[in-house]
Amino acid sequence: MNTPESLNDKPKNFINLISSNWESLDEAQKLVLIKIWKVLTYKWQLQILFNLPFLIWWLMDISIVKVHEFDLRLLSYLNLPNWALSLIGFGQSSS
C-alpha cells in the first residue's frame, strides 16, 4: 500500500540524483552545461520580460475594481462593432 512517505520519496530521490551528478562533474563540464542552459532559457527570459507588463495589468484588472472600471469605460469609448465585442465577451445581447 502506498503511504504519503513512499509517494514523496521519488521526487527527493530524483533531486538527490541530479544534485549528486552535478557535484560529481568537474568545473569545465559545469561551465559548459551552464552555458547550454543559458542559451536554452534565453528566449524564455525574453518572453517573460515582454509579457510582464501585460501580466501586471491583468493582475491589476482582476484585483483592483477601479482598473476594471477603467477598462470597461475604455472599451465603451472605442465604439467597437458588436461582432468584435462578442469575441471578447462584452457584446452579449439581451434578446
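Taken together, the values in this text are just the output of simple stated rules run on the coordinates, not laboratory data. All of these numbers come straight from a predicted model, not from anything done at the bench. Note: ideal-geometry Cβ built from the backbone for every residue, glycine included; neighbour counts use all protein chains shown.
With r defined as the distance between the Cβ atoms of Leu52 and Leu85 and R0 fixed at 35 Å, what FRET efficiency is calculated, to the nearest 0.05? Efficiency, from the Cβ-Cβ distance: 0.80.
3J(HN,Hα) along segment 75-88: 5, 6, 6, 6, 6, 6, x, 4, 5, 6, 5, 5, 5, 9 Hz, from the Karplus curve 6.51 cos²θ - 1.76 cosθ + 1.60 with θ = phi - 60°, whole Hz, x for Gly and Pro.
Summing Lys and Arg as +1 and Asp and Glu as -1 over all other residues whose Cβ lies under 15 Å from the Cβ of Pro53 gives a net charge of -2.
Across segment 14-27, computed HN-Hα scalar couplings (Karplus, 6.51 cos²θ - 1.76 cosθ + 1.60, θ = phi - 60°) run 5, 5, 5, 5, 5, 5, 5, 5, 5, 5, 7, 6, 7, 5 Hz from first to last residue, x flagging Gly and Pro.
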